[in-house]
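Worksheet for the structure shown next.
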Amino acid sequence: MNVQIMFKPSGRRVQVGQGTSLLQAARKAGVYIPTRCDGKAACLMCKVQISPEWAEFAGQPSDAEQRKLGPLLDEGIRLSCQARVQGDMQVTVPEDRLKAAIRRQLERQAMDDELW
């Protein structure tokens, strides 16, 4: 059975088979999620956020994911390499730290330019 996933903030959507990892689904949708361990729950780089109304559709966290994330699971943070889609859902991919820093710098610069 196929399910549809929408990745925020890009708005990209993809249909994948039930049980597919969110990381695999993101790659299929052309959504970049960083990873170094190739989906083995070792690097913790592939974190995504799932709001409570969609959490049940990401499957139960694996033992490895529970050990790695601990209390972050209560905040809706999941490892995209471990979360397996069970139904249609939305997932928020956090902004890359470097891109976020550049965006903030550009915003500050634009505000400074407005003052002059």
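Of all residues in the range 70-91, those satisfying the criterion of being surrounded by fewer than 15 Cβ atoms within 10 Å (Cβ to Cβ) and within 26 Å of Val3 (Cα to Cα) are Asp74, Glu75, Gly87, Asp88. Checking each residue in the range 83-116 for being closer than 20 Å to Leu23 by Cα, modelled with pLDDT under 95, part of a loop (DSSP other than H, G, I, E, B) and not acidic (Asp, Glu) picks out only Pro94.
Specify the residue that is farthest from Arg97 (Cα to Cα); the eligible residues are those in the range 43-55 that are in contact (Cβ under 8 Å) with a residue 24 or more places away in the chain and either surrounded by 13 or more Cβ atoms within 10 Å (Cβ to Cβ) or in contact with a strand residue (DSSP E or B) (Cβ under 6 Å, 6 or more places away or on another chain) (or both). This residue is Trp54. Among the residues of the range 56-69, those that are buried (at least 18 other Cβ atoms within 10 Å of the Cβ) and either under 12 Å from Met89 (Cβ atoms) or in contact (Cβ under 8 Å) with a residue 40 or more places away in the chain (or both) comprise Phe57, Ala58, Gly59.
Out of Arg36, Arg27, Arg13, one residue alone is at pLDDT 95 or above, under 23 Å from Leu98 (Cα atoms) and basic (Lys, Arg). It is Arg27.
One residue stands out among those in the range 49-68 that are in a helix (DSSP H, G or I) and in contact with a helix residue (DSSP H, G or I) (Cβ under 9 Å, 6 or more places away or on another chain): the one that is modelled with the highest pLDDT, which is Ala58.
Within the range 35-47, does at least one residue satisfy the condition of being out of contact with any Phe, Trp or Tyr (no Cβ under 9 Å at 6 or more places or on another chain), among the polar types (S, T, N, Q), within 18 Å of Gln4 (Cβ to Cβ) and in a loop (DSSP other than H, G, I, E, B)? Break it down into steps so the answer makes sense when it comes.
Within the range 35-47, the subset out of contact with any Phe, Trp or Tyr (no Cβ under 9 Å at 6 or more places or on another chain) is 35-47.
So of that shortlist, the ones also among the polar types (S, T, N, Q) come out as 35.
Restricting the remaining residues to those that are within 18 Å of Gln4 (Cβ to Cβ) gives none.
Checked against the condition, which is being out of contact with any Phe, Trp or Tyr (no Cβ under 9 Å at 6 or more places or on another chain), among the polar types (S, T, N, Q), within 18 Å of Gln4 (Cβ to Cβ) and in a loop (DSSP other than H, G, I, E, B), the range 35-47 yields no hits at all.
The C-beta contact set for the range 87-112 (first residue among the charged types (D, E, K, R), second residue part of a helix (DSSP H, G or I), distance under 9 angstrom, 6+ apart or interchain) comprises Asp88/Phe57; Glu95/Arg103. Step by step: first the residues of the range 12-26, then only those that are in a strand (DSSP E or B) and in contact (Cβ under 8 Å) with a residue 24 or more places away in the chain, then the one that is farthest from the chain's Cα centre (by Cα). Which residue is that? Step by step, filter the range 12-26, then rank; the result is Val16.
The values are calculated or read from the model by the stated rules, or taken from the named source; none is laboratory data. Being a predicted model, the structure only gives us computed values, none of them experimental. Counting neighbours? That spans all protein chains shown, and the Cβs are built from the backbone with ideal geometry, glycine included.
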